[in-house]
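Novice: I am attaching a structure below and will ask some questions about it afterwards.
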Amino acid sequence: MPDVVLPVLNESQALPWVLGRLPAGYRALVVDNGSDDGSAEIARDLGVEVIFESQRGFGAACAAGLAQARDEIVCFLDADGSLDPLELPKVAGPVLRGESDLMLGARMAGRGAWPVHARLANRVLMAEVRRRTTLALRDLGPMRAARRQDLLALGIEDRRSGWPLEMVLRAHQSGWRVHEVGVVYGARAGRSKVTGTVRGTFQAVGDMAALLR
């Protein structure tokens, strides 16, 4: 039963939908990163395990969830409703079958789902990743899957927005088979803390640029 780590910061609007669409056999681990909108209570009322992480940051929440996961396979998924949990088997399947070590869900955006500034930043970032590695990736993929012990062994240090990139870079350096598959990316519920604002996007780009340096 793969564990699904869901970093959460004020996602009360989307959580019921996200948790209700988890495929059979996938267990949610909600990591509350300081919500004040009742997100943790909603998750608990739905029978989901909640982990509290006081250190703010996307990477901090992901690391806390990974540390508490129990299954051999761990997935990561944004909890804002922009990605459909029903697509998790498409991402986790190759890892479960031993065909890939790290699978990423490359976002295929619908109308209005991906702000122009965030899309352009992602395009520049991925061009730099392709230039520095042999990975032919289009997106860092907020939906992803890998083996828990292997992820822990990578020793990912970033605790902010650089977590996804550091995972990919360290996986590549360790000789992992890194692949991606397209997943539908729709409009999120509420406003994004990162890509929804130019300031948030620049912070994420800054975190990732530091890793590339």
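Novice: I want the antiparallel fraction of DSSP beta bridges within the chain, as a percent rounded to 5. Before the final figure, lay out each step's value.
Specialist: On the way: 9 of 30 bridges.
In the chain, approximately 30 percent of DSSP beta bridges are antiparallel ones.
Novice: For a quick check: with amide H placed at 1.01 Å from N, whose amide H comes under 5 Å from residue 28's, ignoring anything fewer than 5 positions away on the same chain?
Specialist: Result for residue 28 returns 4.
Novice: Here's a follow-up. Which listed residue (95, 26, 121) has the Cα farthest towards the positive end of the charge dipole for the chain, taking +1 on Lys and Arg C-beta and -1 on Asp and Glu C-beta about the Cα centre?
Specialist: The one lying farthest along the dipole's positive direction is 121.
Novice: Provide 54, 161, 12 in ascending order of the number of other Cβ atoms located within 10 Å of each residue's Cβ, fewest first. Spell out each step's value before the answer.
Specialist: Numbers: 54 9, 161 22, 12 18.
Listing 54, 161, 12 from fewest to most nearby Cβ atoms yields 54, 12, 161.
Novice: Still on this structure: How about the stretch 55-109: which GluC sites (Glu not before Pro) there are in a DSSP loop, with at most 14 other Cβ atoms within 10 Å of their Cβ? Each step should come with its number before you reach the end.
Specialist: On the way: sites: 72, 87, 99; in loops: 72, 99.
Here the sparse-neighbourhood loop sites are 72, 99.
Novice: Residues in the stretch 96-129 near a label at residue 150, defined as backbone nitrogen under 15 Å from the 7 Å Cα→Cβ point?
Specialist: Counting backbone N atoms under 15 Å from the label point, the list is 96-105.
Novice: Scan around residue 133 for amide H atoms under 5 Å from its own, H built in the peptide plane at 1.01 Å from N, and keep only partners 5 or more places away or cross-chain.
Specialist: none
Novice: Can you sort 58, 52 from fewest to most other Cβ atoms within 10 Å of each residue's own Cβ?
Specialist: Working: 58 25, 52 13.
Listed from fewest to most nearby Cβ atoms, that is 52, 58.
Novice: Right, something else. How big is the charge dipole of the chain about its Cα centre, in debye rounded to the nearest 20, if each Lys and Arg gets +1 on its Cβ and each Asp and Glu gets -1 on its Cβ?
Specialist: The calculated dipole for the chain is roughly 860 debye.
Novice: Along the stretch 68-77, what does the Karplus equation 6.51 cos²θ - 1.76 cosθ + 1.60 (θ = phi - 60°) give for ³J(HN,Hα), rounded to whole Hz, x for Gly and Pro?
Specialist: For the stretch 68-77, the Karplus-derived couplings read 9, 5, 10, 7, 5, 10, 10, 10, 10, 8 Hz, x marking Gly and Pro.
Readers should treat all values here as calculations from the given coordinates under stated rules, not as data from a laboratory. Predicted model, so just to flag it, every value in this text is computed and none were measured. No Cβ is skipped: glycine too gets one built from the backbone with ideal geometry, and neighbour counts run over all protein chains shown.
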